[in-house]
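*Asks:* Take this structure, written in structure tokens, and hold onto it; I'll ask about it next.
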Amino acid sequence: MSAGESSARAVALAPPRAYGPPPAVGVLRAQDEDFVVEEDLGFAPAGAGAHLLLKVRKRGANTQWVAQQLARLAGCRTAEVGYAGLKDRHAIAVQWFSVPRGRDATAWDAVRAPDFEVLEAHPHHRKLPRGALAGNRFRVRIRAAAGTTAGEGDGARLAALIGPRLAAIAHGGVPNYFGPQRFGRDGGNLVRPAGTRAGRAAPGFLLSAARSVVFNAVLSERVAADSWRTLLPGDLANLDGRGSIFAVEEGDDPVALAARCARLEIHPTGPLWGAGSPASRGALLELESRIGAQYPAECALCADAGMRHERRSLRIAVRELSCEPAAESVLLAFRLTRGCFATAVLRELVSLAGESSAA
């Protein structure tokens, strides 16, 4: 592995935490039921149309495999099955799929398999496209690690340890890092296999990982400088929960912008790399360009594929955050907008048993 690949992997898998070392050690995903995610579409099924929207609960299965099973049941090609996003395999996920309308909607109510079941079926006017959801709701159980300060089965003490950190997160959000699942096992998606085609023929997973590691690198630098939740001159701001981006101009009222940031209404953004230069200006453009130059292979891959520069919020507002202690664990509940990773929240709260908390 080259020095550049090693640096990229380190930034991708272990970027700096915003609030310092986690206050507790915990165990995540001891079983599938410990991690539950449910999609929030943000719209209601149309009630008529040439497709069906299927609400599916899956366990221990990946999204693409479920799509293949639904295609077989619907008598269509897998490519005709739509879904808004990929969900973790080692979890319980409630997500929406679409299939061409063939069999009656009521016939789907009987679809039950060991790995998934159809909960609802509704007529809809079009195939469900990627990204067509408002957000995701999570219910995550953190189990106390035996032999730690929060251990010995004491969920109440675990809740007390992470309580102040939860309050800080509710107030200030967390860095919007791409999670480790974006980079594959041990960062394997960051390594370009020999013979892999470049340009528009490059595999999607490779392009996604390349773009994501450059973003994480920019965000890491702004976390280190404690500017990840502050709008700076030359920045571009994102309206919370929406795709709207606007430039921070010299004449803008800095006090008003700071107040909106403090209320989690707007957030600074970082680059999703493409051809040309980022849209930021001044010192921020210099920073983003300097970091991009540290990842020449990843940036060239995105540019050669014809990708355009885009922006992504540097911060996640964690909504509907709650913590309920149990006998030997705590149950967290929270909501994130689409495209955000629950791991970005969890890594600020606990380090995993056997993991260094200094990162």
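Every number in this text was worked out from the coordinates using simple rules, so none of it is lab data. Worth saying up front: this structure is predicted, and the values here are computed from it rather than measured. Counting neighbours? That spans all protein chains shown, and the Cβs are built from the backbone with ideal geometry, glycine included.
*Asks:* Tell me, what is the percent relative contact order of the chain, built from C-alpha pairs under 8 Å that lie six or more residues apart?
*Replies:* Contact order relative to length: 25 percent.
*Asks:* Pop the C-beta distance of Thr343 and Asp109 into the FRET formula with R0 = 35 Å and round what comes out to the nearest 0.05. Don't jump to the answer; show the numbers that get you there.
*Replies:* On the way: r = 34 Å, r/R0 = 0.98.
After rounding to 0.05, the efficiency reads 0.55.
*Asks:* Just tell me which aspartates and glutamates come within less than 16 Å, Cα to Cα, of Lys127; anything on the same chain fewer than 8 places away is out.
*Replies:* Reachable aspartates and glutamates: Glu80.
*Asks:* From the phi angles alone, apply the Karplus equation (6.51, -1.76, 1.60; θ = phi - 60°) to segment 132-144 and give each ³J(HN,Hα) in whole Hz, x where the residue is Gly or Pro.
*Replies:* Karplus values, whole Hz, x for Gly and Pro: 7, 8, 7, x, 9, 9, 10, 10, 10, 9, 9, 8, 5.
*Asks:* Can you give the calculated 222 nm mean residue ellipticity of the chain, where each DSSP H run of n ≥ 4 adds -39,500 (n - 2.57) and the sum is split over every residue, rounded to the nearest 500 deg cm²/dmol?
*Replies:* Working: 8 runs with 97 residues, N = 359.
That calculation yields -8500 deg cm²/dmol at 222 nm.
*Asks:* Can you figure out the FRET efficiency of Thr78 with Val255, using R₀ = 45 Å and their beta-carbon distance, to the nearest 0.05?
*Replies:* Details: r = 53 Å, r/R0 = 1.18.
That gives a FRET efficiency of 0.25.
*Asks:* Kindly point out which whole DSSP H helices in the chain project their C-alpha atoms 20 angstrom or further along the helix axis while averaging a Kyte-Doolittle hydropathy of 0.5 or above.
*Replies:* Working: long enough: 155-172 (25 Å, 0.90); 204-224 (30 Å, 1.06).
Within the chain the helices that satisfy the rule are 155-172, 204-224.
*Asks:* Please report the antiparallel percentage of DSSP beta bridges with both residues in the chain, rounded to the nearest 5. If you can, show how the numbers build up before the last one.
*Replies:* Working: 55 of 62 bridges.
About 90 percent, rounded to the nearest 5.
*Asks:* Taking just the C-alpha trace of the chain, give me its Rg and Dmax in Å.
*Replies:* Here Rg and the maximum Cα pair distance are 21.4, 61 Å.
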